[in-house]
Structures are given as structure tokens and as C-alpha cells.
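The values are calculated or read from the model by the stated rules, or taken from the named source; none is laboratory data. These numbers come from a predicted model, not from an experiment. Positions of Cβ are backbone-derived with ideal geometry, glycine not excepted, and every protein chain shown enters the neighbour counts. Keep in mind that these areas ignore ligands, DNA and RNA; they rest on the heavy atoms of the full protein, side chains included. Shrake-Rupley method; radii C 1.70, N 1.55, O 1.52, S 1.80 Å.
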Amino acid sequence: MSDKILVTRAVLPDINEYMQELREVWDSHWLTNMGPKHEMFRSHLKSYLNVEDIELFTNGHMALELTLQAFNLQGEVITTPFTFASTTHAIVRNGLEPVFCDIEPDNYTIDTSKIEELITDRTCAILPVHVYGNICKIEEIERIACKYGLKVIYDAAHAFGEYYNGKSIGSYGDASCFSFHATKVFNTIEGGATCYKGKELGSCLYELKNFGIHDAECVTAVGANAKMNEFCAAMGICNLRHIEDNIEKRKKVVNRYYENLKDIAGIYLNDFSKIERPNYAYFPIVIDEKIFGASRNEVCDKLLSKGIEPRKYFYPLTNSFSAFHKKYDIQKTPNALRVSKRVLTLPLYPDIQLDIVDRICELITKSVG
Ligand SMILES: *Cc1c(COP(=O)(O)O)cnc(C)c1O
């Protein structure tokens, strides 16, 4: 178990650095409910992300789910199926209906040329995903949203710290939601945040994460319990001090993968060069069996047999989940379907050894025949 190479490995600060924060938590006896660590982390994060305002949550999923609730939407939400379960579940758990749009074949984000044909008089919002940190076609999404009067809520779980046109990725849309899960590029153990504009939405999000409690005697909404506790906020304070270092280390790993795999026919690599301040969160490869000579599943099995655990992110598509009982026609999102059958996300974390990266690439090359 211990020497297996997994797709990711949680980033941790030095234990003494974390202990120093925890000592103050012990002294205060304030464990959760927007204590001093929560407030400090929120302020540090707001300036790191360079956004107008931000609300913290217990995880990225609740950030998404409660942000959708805050907009008080009804009807259909246009989204993509090439994502983590959370994106679709946040829609469905709000009593809204997901309408699945296909993705771009090269960067896996929503194909904006196919959005307008999906709009009906019941459409209320678009929920696009910056998949693997690849940025959606923001101007087109804005143009369509404006034309039809739709809200735009970005699932920015993969895009932590990235920029677009000189502005923080968190500043786009009516809101953008991040995840700080242990497996993400930046973690607070579990955690998430919504970047938003306007005091009114801010107080709504604040209340929704605390049961809808407005004050001691007034509960104004049917909220959830989705507050970030002090231990997670303390982890965030520590990990944020090292984020640039960690992204720099990830970049070296990505470059090594690139050197090894860039000239292999039938293996397509993610194009990080189009991203402003890329965070190098994932290293997906798309394998065309006909050209490469082995299928995604064969490559995956080969790696698994050698103690290396890549992941088939994102397979299966969310519109094919058995939870939905074949309600959605997956043939309507053919690019997503094709990519989900061919994609494999390779191990990537700041401290992975470069010779292990070389070995992984060698195993991939050798899985032919
Ligand atoms: C991780 C992730 C989420 C959910 O975040 P959690 O913090 O795990 O709840 C949502 N969307 C995408 C695309 C993700 O990768």
C-alpha cells in the first residue's frame, strides 16, 4: 500500500507550522462558527485570489449547492456532463433540472456554440466548469447569458489561482465556486468557497451556510450547515503560504510529462500554454487506441499492475449515472462521451519524483502490443 503511486497526494505544511495555528485555537476554545482563523483565512484568501468578496464553506460541493440556492432559481440549468458528480448533483439537489451541453473536444469545457439551441423559456442559469483548470469561453458565455437573462455560476473547483484577461478567475460570472478538498491543488482538508459580488448575495450565502439563521430570533431561509471550521481554516492559512512553491513544483512535473509524451502519436496532452497563471492541477492524457495501439483501459491496467494508480477523470459521464435511471441521452453529448472513454489522469503532486514520472511514461509507451 505505502509504495503505491496514487493520482494525487495531499499537500501538507510542516506539522510545527500547523501546530502553531492550533495552539491559538486551543487557547480560544473557538472551534467553529466563523472564529478568528476563519476570518483570517478568508481575508488572506480574498487577497490571494484578488476577488471582490468571498464566502467560505465546509466543502466545494456545499459552496456550489448553496450558491445555486442563493439565486433562488427555478427550471433548467445548462451544464456539462464531463465533470465531477458534484456539479450535476448541486443542480438536482436544488430541485433544478440539468440540461447537458456537449464539450469542446480539445479543452473539455462547455461548447458555447451549442448552448443557445438548448435554451428554453424554463432556462434560468448556466453552470460551466473550468475542467482541469482550462478556462471556459467566458466572453461567449457572458454574451449568451446577457442576451437571455441567465445567471452564470462557474464551477471553478479546478481553477484555483488562475487568471483570465488579467483578472482573477474567481471574479467572473455571477459567482464562481472553488473546492479545497485534500486532493485539490490547494487544500483546507475539506473546504470550499464562493466568490461573488454584492453585499446582499454575501449575507444570503453567509446565512445559508448557517441554517438560514439571520439573527438570534429570526431564521429567514431553509439553510444547511456548511460552515468551515477553525481547523480547516488553520490548514488553509498554512497551505496558502506555500501555494506558489507548490505550483512551481507541479509545473516541473508537468514539463517532465510533456518532454516524455509530447511526440507519441495517438496520445493527446492538455494545453497549459493557453492558461494565464496555470495551477497545473491535473495531467490528463487522451488516448486514441487506433493511432496509439492500446486503449485507455489497457494503459490504465498496465499502470495498475505496477502499483501506479491513475484515474479515469471523468468517466463515467454524470448524465449516465445510474442515480438518474437513464433519464438523459448520452448520445446528445458525443464529444464528452468520446473523451470520457479515452481519458486518463496521471499522478501529479508537488513532491512526486521525476524518475517516477519517467517510469510512468515508459510503462505507457510499453503498453502497446
Ligand atoms: C472537487 C470538485 C467539486 C466538489 O468539491 P468538494 O470540495 O469535494 O465538495 C466540484 N466540482 C468539481 C469539478 C470538482 O472537481
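Build a GNM of the chain with springs between Cα atoms under 10 Å apart, and of Glu104, Glu142, Glu200 the one that fluctuates most is Glu200.
Per residue, the chain exposes 45 Å² of solvent-accessible protein surface, assessed with a 1.4 angstrom probe and all protein chains in place. With a ≥ b ≥ c taken as the square roots of the eigenvalues of the C-alpha gyration tensor of the stretch 1-150, please select rounded if a/c is under 1.5 and otherwise prolate if a/b is larger than b/c or oblate if it is not? Because a/c hits 1.5 or more and a/b exceeds b/c, the stretch 1-150 counts as prolate. Once each part is reduced to its C-alpha centroid, what is the distance from the stretch 207-224 to the stretch 181-202 in angstrom? Cα centroid of the stretch 207-224 versus Cα centroid of the stretch 181-202: 20 Å apart.
Using the Cα gyration tensor of the stretch 100-250, with a ≥ b ≥ c the square roots of its eigenvalues, what is the shape: rounded (a/c below 1.5), prolate (a/b larger than b/c) or oblate (neither)? Judged from the Cα gyration tensor, the stretch 100-250 comes out oblate (a/c at least 1.5, b/c at or above a/b).
With each label modelled as a point 7 angstrom along the Cα→C-beta vector, the Ser47-Ile15 pair spans 3.1 nm.
Put a plus charge on the Cβ of each Lys and Arg, a minus charge on the Cβ of each Asp and Glu, and nothing anywhere else: the dipole of the chain about its Cα centre is then about 880 debye.
Farthest toward the positive end of the dipole of the chain, out of Val131, His61, Phe186, is the Cα of Val131, where the dipole comes from beta carbon charges about the Cα centre.
Full extension of the chain segment joining Arg93 with Thr220 gains 43.7 nm, where the gain is 0.36 nm per residue of separation less the Cα-Cα distance. Compare Glu162, Glu248, Glu207 in a GNM of the chain, Cα atoms joined below 10 Å, and give the one with the largest fluctuation. Residue with maximal mean-square fluctuation among Glu162, Glu248, Glu207: Glu248.
Working note: Karplus 6.51/-1.76/1.60 with θ = phi - 60° gives the stretch 80-94 the couplings 10, x, 8, 7, 6, 3, 3, 4, 6, 4, 4, 5, 5, 5, 8 Hz, where Gly and Pro are set to x.
Close amide-amide hydrogen proximity is noted between Ala175 and Val152, Tyr154, each under 5 Å apart and 5 or more residues distant or on a separate chain (H modeled in the peptide plane; Pro and chain starts excluded). Rounded, prolate or oblate: which fits the chain when a ≥ b ≥ c are the square roots of the eigenvalues of the alpha-carbon gyration tensor, with rounded for a/c under 1.5 and prolate only if a/b beats b/c? Verdict is oblate for the chain. In sequence order, the stretch 149-164 has phi-based couplings of x, 9, 7, 10, 10, 8, 8, 9, 3, 9, 10, 3, x, 7, 10, 9 Hz under the Karplus curve 6.51 cos²θ - 1.76 cosθ + 1.60, θ = phi - 60°, and Gly or Pro positions carry x. Peptide packing for 333-344, 80-91, 303-314 was compared via the average number of neighbouring C-beta atoms within 10 Å per residue; ordered from the highest value, the list is 80-91, 333-344, 303-314. Taking every DSSP bridge with both residues inside the chain, close to 60 percent are antiparallel. Annotation: amide H of Thr109 within the under-5 Å range of Glu104, sequence separation 5 or more or interchain, hydrogens built in the peptide plane.
How about the stretch 1-101: which trypsin sites (Lys or Arg not before Pro) there are in a DSSP loop, with at most 12 other Cβ atoms within 10 Å of their Cβ? Loop-located and lightly packed - Lys4. Proximity of backbone amide H atoms, modeled 1.01 Å from N, is registered between Val99 and Val77, Ile78, Thr79 at under 5 Å, excluding neighbours fewer than 5 places apart on the same chain.
Backbone geometry of the stretch 258-264 corresponds, through the Karplus equation with coefficients 6.51, -1.76 and 1.60 at θ = phi - 60°, to 3J(HN,Hα) couplings of 4, 3, 6, 10, 5, 9, 8 Hz, x marking Gly and Pro. Within the listed set Leu269, Leu118, Leu240, the Gaussian network model of the chain (springs between alpha-carbon atoms below 10 Å) gives the highest mean-square fluctuation for Leu118. With a Cα cut-off of under 23 Å and a minimum spacing of 8 residues unless on different chains, the lysine pairs in the stretch 249-309 number 11. Element breakdown for the chain at a 1.4 angstrom probe: carbon and sulfur atoms account for 51% of the accessible area.
Computed as a quarter of the hull surface, the mean projected area of the alpha carbon convex hull for the stretch 55-116 stands at 4.8 nm². Taken about its Cα centre, the stretch 263-321 carries a charge dipole of roughly 140 debye when the Cβ of each Lys and Arg holds +1 and the Cβ of each Asp and Glu holds -1.
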